[in-house]
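Below is one structure, written out as structure tokens, with a few remarks after it.
Computed from the coordinates by the stated procedures, all read-outs in this text should not be read as laboratory data. Quick caveat, the model's predicted, so the values are computed rather than measured. Counting neighbours? That spans all protein chains shown, and the Cβs are built from the backbone with ideal geometry, glycine included.
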Amino acid sequence: MIKGRNLQLRALEKADLLFLHQLHNNYKTMNYFFEEPFETVRELEDLYEKHVHNSTERRFVLEEIATGTSIGVLSLVEIDEINRKCEIDIIIDERYQGQGYGKQGFVLGVKYGFDVLNIFKMYLVLLAHNEPGRRVYQFAGFKKEGRLKKEFFLNGEYVDAERMCLFDYQWKRIKKHLNDYVGFESPDAAPLRHRPKPHSHDEPRWAS
């Protein structure tokens, strides 16, 4: 478990599948992940049992420390121990978007990848026009690696996607700055109760 001031990452448990079902059946949310917003609880249960011992992925629930409320989920997948790389993604419940949880949760996931799993390169794929998501990832130090032409079918047409990445040596340079925001080196620090709500151009609505 990794803690920040307000959030903690904990392992996804079977009891969390109803929450995951809610997220995976949200049309707006799943558009950002190029997936059909249709998944039954039974399917999720089968996937959970199939992957619970899979060493190539780590799936977490983002939980508010003060209340124990589930805010979203974060995954590290395609973990490659030989080449020391993995993919990262995050989903924030619509009810908690626009409150800074995306940046905080994403940084905790990045920290886990580099500082616990000893990853060398972390990457992600996003829609080319997804500016809110891009701001979250850029905040954590990710940079554009390339553009994928007509990569996904979305809303009746093929759309471009972009790949972003972050290397461990880059993470080490910005780690202190990110700690000042998230507080992962001192999880017992006072919560950011009085932090003003970010402006819309600073904080994405779908993953924040």
Full-extension gain in nm, Asp180 to Glu64, via 0.36 nm per residue minus C-alpha separation: 39.9 nm
Once the dipole of the range 85-131 is set up from charges on Cβ (+1 Lys and Arg, -1 Asp and Glu), the residue from the list Leu117, Gln97, His129 lying farthest towards its positive end is Leu117
Between Glu49 and Arg95, how high is the FRET efficiency from 1/(1 + (r/R0)^6) when r is the Cβ-Cβ distance and R₀ = 25 Å? Nearest 0.05. 0.30
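What percent does the relative contact order of the range 2-182 come to when contacts are Cα pairs within less than 8 Å and at least six residues apart?
After rounding, I find 19 percent.
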Enumerate the amide H contacts of Leu148 below 5 Å, restricted to partners 5 or more residues apart or on another chain; note that Pro and chain-start residues carry no placed amide H. Ala161, Glu162, Arg163
List Val77, Val136 from most exposed to least, where exposure is judged by having the fewest other Cβ atoms within 10 Å. Val77, Val136
Per the Kirkwood formula on distinct C-alpha pairs, the Rh of the range 46-155 is how many angstrom? 15.2 Å
Eligible lysines near Lys103 by straight Cα distance, threshold 25 Å, same-chain separation 8 or greater: Lys3, Lys28, Lys85, Lys111, Lys121, Lys143, Lys144, Lys172, Lys175, Lys176, Lys197
Can you sort Ser75, Ser70 so the residue with the fewest Cβ neighbours within 10 Å comes first? Ser75, Ser70
